[in-house]
Amino acid sequence: MSWKEMLLSLARDYQTQLGVLWLFLVFMLVLTAITLLFGERGTRSYTLAAFNLVLILAVGSIVSVAYWGSVRRAAR
């Protein structure tokens, strides 16, 4: 078994939790977008929100790939 198959098998085992994590990340993305839209530029909280946006997008892309990979694999 290759490492990809092992990783997708693990993701399939945690498919429900990955879906809940994805929804939580979408919620955090909405809150971060509100902060960036209405926040004052140049403040530390705005900088932290920008860093938070990058972190949410990175983790969200990993979770999305793992979730949809496990969904596709379960459909086979």
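Could you say which residue among Val54, Val26, Val63 is surrounded by 13 or more Cβ atoms within 10 Å (Cβ to Cβ), under 12 Å from the mean Cα position of the chain (by Cα) and not in a loop (DSSP other than H, G, I, E, B)? Before the answer, list the steps.
Numbers: Val54 fails: surrounded by 13 or more Cβ atoms within 10 Å (Cβ to Cβ); Val26 fails: surrounded by 13 or more Cβ atoms within 10 Å (Cβ to Cβ).
After applying the criteria, what remains is Val63.
Looking at Leu48, Leu7, which one is surrounded by 12 or more Cβ atoms within 10 Å (Cβ to Cβ), assigned to a helix (DSSP H, G or I) and at pLDDT 90 or above?
Matching residue, one of Leu48, Leu7: Leu48.
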Go through (1) touching a helix residue (DSSP H, G or I) at 6+ places or on another chain (Cβ under 8 Å); (2) free of Cβ contacts under 8 Å to residues at least 24 places away in the same chain and name the single condition Gln17 misses.
(1)
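The values are calculated or read from the model by the stated rules, or taken from the named source; none is laboratory data. Owing to the predicted nature of the structure, the values given are computational and were not obtained by experimental measurement. Neighbour counts run over all protein chains shown; Cβ positions are idealised from the backbone, glycine included.
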